[in-house]
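Every number in this text was worked out from the coordinates using simple rules, so none of it is lab data. Since we're looking at a predicted model, the values are computed, not measured. Positions of Cβ are backbone-derived with ideal geometry, glycine not excepted, and every protein chain shown enters the neighbour counts.
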Amino acid sequence: MRRQSESLLLLPLLPIFLIGMFPMLLIGLLGFAGLALFGVLLICVGLSSGLEAHADFNRNVIVGGHARGTERATQASDMHAATRLALRLEAAGVGVIVAAVLGFLYLG
């Protein structure tokens, strides 16, 4: 039997490393300003996610017309779940910005 290389085990982890490299470089090179910029990006993702959830719900209501109560409840539940996730992302972004400002004031 031929033995496979252990480096092939790391190949599936390469995309995760490449995606995670940007925020780490941003924070490392820019310091607290990079951390604050990362928080702003989190807030932007949260806002776009919330707006997309509302747009999908409105599109279903307008295009689908009058849906049954169960379908409408399912669509509303999906919208509320996406909105809650968006609010958590926005809160995390605000927390990161506060941490950056406090770190700058305390250590800078």
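Report the extension gain between Arg72 and Phe17 in nm, rounded to one decimal, defined as 0.36 nm multiplied by the number of residues separating them, less their alpha carbon distance.
Numbers: separation 55, 0.36 × 55 = 19.80 nm, distance 4.05 nm.
Roughly 15.8 nm would be gained on extension.
Looking at the chain, do any whole DSSP H helices span at least 27 angstrom along their long axis by alpha carbon and average 1.0 or above on Kyte-Doolittle, and which?
Numbers: long enough: 32-64 (47 Å, 1.25); 69-107 (55 Å, 0.73).
Counting only whole DSSP H runs, the qualifying helices are 32-64.
With labels modelled as points extended 7 Å from the Cα through the Cβ direction, what inter-label distance (nm, one decimal) is found for Ala81 paired with Tyr106?
3.7 nm
Just need the relative contact order of the chain here, percent rounded to a whole number, with Cα pairs under 8 Å and 6+ apart. If you can, show how the numbers build up before the last one.
Working: 74 pairs, mean separation 42.4, N = 108.
That works out to 39 percent.
Report the longest stretch of the chain that contains none of the trypsin sites (Lys or Arg not before Pro) sitting in a DSSP loop with at most 10 other Cβ atoms within 10 Å. Don't skip to the answer; put the middle values down first.
Details: sites that count: Arg2, Arg3, Arg68.
The longest such stretch corresponds to 4-67.
Charges at C-beta only: +1 for Lys and Arg, -1 for Asp and Glu. How large is the resulting dipole of the chain about its Cα centre, in Debye rounded to 20?
Numbers: 7 positive and 6 negative charges, 50 e Å.
Magnitude of the dipole: close to 240 debye.
Over all alpha-carbon pairs in the chain, figure out the percentage whose distance exceeds 16 Å. Present the calculation step by step, with values, prior to reporting the outcome.
Values: 4107 of 5778 pairs.
In whole percent, the share of Cα-Cα pairs in the chain beyond 16 Å is 71.
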